[in-house]
Amino acid sequence: MANWDENGVRARIREMAARDPERERFGARTHRYALAPRLPETEIRAFEESHAIALPVEYRSFFAEVGNGPAGPGHGMMPLTVPRPEADEEWAADDEWEEDRLPGRLAGPFPLTEPLPGPIGAPAGLTRGTLMLSEQGCGVYTRLILNGPHTGEIWQIDPDWGGFVPVSPDFRSWYTDWMASP
């Protein structure tokens with residue numbers, strides 16, 4: 001199912017914000033429980049065409065039907081088509097965001113056929129064919145697999161400790177699990 005209930009998602013996020021007025025929940029001080037406006041279909045299509053990719057339906061429809069981030073898991077979802085308004089604050093996630101948008105990067109083949117647990121050091125080339133969704137802190141990123149046998153899965157890369165491993169079967173599960181957590 002690709003459709004999202006925009007009103008339901010926004011109501012749940014308002015409820016989460018009301019329960020956390022001091023923004024003590026992990027990442028809340030960064031994303032502030034805010035959702036940007038939805039993206040026009042033309043912008044999403046232009047993004048896909050410029051990167052020679054097709055975004056997974058549930059991820060794509062979130063931007064079209066709900067909003068362009070940032071409220072979400074970790075320090076919040078990264079916007080799809082334009083940098084965060086605060087991108088001049090020297091946040092490593094902004095560098096990841098820009099790197100993902102280099103020509104051919106997203107359309108490149110995802111190099112892993114199975115998870116790579118444990119310390120992996122510098123992840124040179126391992127994130128090709130993936131799109132960074134959010135930052136967890138300390139160089140740990142959540143990424144959406146864009147091609148290959150793991151297309152649509154959500155993986156987390158933690159070069160120092162956890163490796164590059166799946167954390168959710170798809171975007172909808174990843175996002176709704178975050179909304180359902182206390």
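The values are calculated or read from the model by the stated rules, or taken from the named source; none is laboratory data. Because the structure is predicted, anything quoted here is derived from the model rather than measured. So basically every Cβ, Gly included, is an ideal-geometry build from the backbone, and we count neighbours across all protein chains shown. Side chains are part of the model used for accessible areas, which takes the heavy atoms of the whole protein and leaves out ligands, DNA and RNA. Shrake-Rupley method; radii C 1.70, N 1.55, O 1.52, S 1.80 Å.
For the stretch 92-149, give the magnitude of the charge dipole about the Cα centre (Cβ charges: +1 Lys/Arg, -1 Asp/Glu; no others), in debye to the nearest 20.
Values: 4 positive and 8 negative charges, 49 e Å.
With Lys and Arg at +1 and Asp and Glu at -1, about 240 debye.
Which chymotrypsin sites (Phe, Trp or Tyr not before Pro) in the stretch 140-182 pass both tests, a DSSP loop state and at most 14 other beta-carbon atoms within 10 Å? Provide the component values of the computation, followed by the final result.
Numbers: sites: Y141, W155, W161, F164, F171, W174, Y175, W178; in loops: W161.
Here the sparse-neighbourhood loop sites are W161.
Scan the stretch 1-88 for chymotrypsin sites (Phe, Trp or Tyr not before Pro) in coil per DSSP, keeping those whose Cβ has at most 13 other Cβ atoms within 10 Å, and list them by number. Don't skip to the answer; put the middle values down first.
On the way: sites: W4, F26, Y33, F47, Y59, F62, F63; in loops: W4, F26, Y33.
Hits after loop and neighbour filter: F26.
For the stretch 1-69, which GluC sites (Glu not before Pro) pass both filters: DSSP loop (anything but H, G, I, E, B) and at most 11 other C-beta atoms within 10 Å?
Working: sites: E6, E15, E22, E24, E41, E43, E48, E49, E58, E65; in loops: E22, E24.
Hits after loop and neighbour filter: E22, E24.
Let me know the charge dipole size of the stretch 1-154 about its Cα centre in debye, to the nearest 20, where only the beta-carbon of Lys, Arg (+1) and Asp, Glu (-1) is charged.
On the way: 16 positive and 25 negative charges, 71 e Å.
The calculated dipole for the stretch 1-154 is roughly 340 debye.
Quick check on the stretch 1-51: take the gyration tensor over C-alpha atoms, sort the square-rooted eigenvalues as a ≥ b ≥ c, and tell me if it's rounded (a/c under 1.5), prolate or oblate. Before the final figure, lay out each step's value.
On the way: a/c = 3.38, a/b = 1.93, b/c = 1.75.
Cα axes put the stretch 1-51 in the prolate bin.
Give the separation of the Cα centroids, the stretch 126-182 to the stretch 55-112, in Å.
12
Would you mind getting the accessible area per residue of the chain, heavy atoms of the protein chains only, 1.4 Å probe, in Å²?
Details: 8900 Å² over 182 residues.
Value returned for the chain: 49 Å² of accessible area per residue.
Share of the stretch 58-182's accessible area from carbon and sulfur, percent, 1.4 Å? Don't jump to the answer; show the numbers that get you there.
Working: 3060 of 5220 Å².
Roughly 59 percent, rounded to a whole number.
Between rounded, prolate and oblate, where does the stretch 12-107 land on the alpha carbon gyration tensor, with a ≥ b ≥ c its root eigenvalues, rounded for a/c under 1.5, else prolate if a/b exceeds b/c? Intermediate results must be reported in sequence, preceding the final value.
Working: a/c = 2.61, a/b = 1.52, b/c = 1.72.
Because a/c hits 1.5 or more and a/b fails to exceed b/c, the stretch 12-107 counts as oblate.
Which of rounded, prolate, oblate describes the stretch 61-125, given a ≥ b ≥ c as roots of the alpha-carbon gyration tensor eigenvalues and a/c under 1.5 marking rounded, otherwise prolate only if a/b is larger than b/c? Numbers along the way, then the final one.
Working: a/c = 1.67, a/b = 1.49, b/c = 1.12.
Because a/c hits 1.5 or more and a/b exceeds b/c, the stretch 61-125 counts as prolate.
Where does the chain land at 222 nm, in deg cm²/dmol rounded to the nearest 500, when only DSSP H runs of n ≥ 4 count, each adding -39500 (n - 2.57), divided by all residues? Can you show the working numbers first?
On the way: 6 runs with 57 residues, N = 182.
Value at 222 nm, helices only, nearest 500: -9000 deg cm²/dmol.
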